[in-house]
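For reference, the structure discussed in these notes is given below.
Read the figures in this text as sums done on the coordinates, not as results from a lab. The model shown is predicted, which means the values in this text are computed figures rather than measured ones. Methodologically, a virtual Cβ is constructed for each residue, glycine included, from the backbone with ideal geometry; neighbour enumeration extends over all protein chains shown.
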Amino acid sequence: MSARRLPIPLAAKVDELVDDVRTLMGDLLGQVEEASEGSGVVLRQEAIKLVRAWRGDGLKVVLTNGCFDLLHTGHVRYLQAARALGDRLVVGVNSDESVRKLKGADRPILPEAERAEVLAVLRCVDAVVVFDEATASDLMLELAPDIYAKGGDYTPDSLPETPAARRVGARIAILPFVDGRSTTSLIAAIEKSFLARQKEALADRPGQEAVPLKNNP
């Protein structure tokens, strides 16, 4: 951004914004543990082999999926609840192209490799696999988990993955989201804080207006 668009006082305020973001993410950072003995980010063929091996050992495998853009405490608590349903948790992550189709051209905020990497270090996650489809139905058919967990206001009949889950004999578990915790609300909080600090910094500069975060180069 040019000096005209970003006065020196505003630059200092942007630094304060970074602290605000850290505060918003504080609960999450407190729950991220050192990487477990899980398999990390794997290719689909590797995931298939892992699930077969785990089930062969008598372990109950749980599958869930989502965009997981800007990971927050709601995501973490949901994943912990999903993991508690079984012995191993596989997380399917929508690829960047898949997220754009679902959420719009301005998403995801973070690329698929980073979203997958952050998920993989959570102690409750045993494996992460990126998929390109709009739904996890194909992944479900390939992995054949014991349980399929999904968060939100879904019912089994409204889930697009339900036919695939029933086909492989997976039990469907609907888990509640944490109220007030979502990527959309996090983005809105960051933008609100950014605009407020711009207005404060520009208060003594007549003629200059605050510029929304997404319109800043």
> What is the Cα coordinate range of the stretch 37-179 on the first, second and third principal axes, sorted by size from largest, in whole angstrom?
Replying inline: 42, 34, 28
> Based on the Cβ-Cβ distance from Arg123 to Glu97, what FRET efficiency comes out when R0 is 25 Å, to the nearest 0.05?
Replying inline: 0.25
>> Let me check against my output: what whole-number percent is the relative contact order of the stretch 33-107, with C-alpha pairs under 8 Å and at least 6 apart?
In response: 30 percent
> What's the FRET efficiency of Arg44 with Ile174 using the Cβ-Cβ distance as r and R₀ = 22 Å, to the nearest 0.05?
Replying inline: 0.30
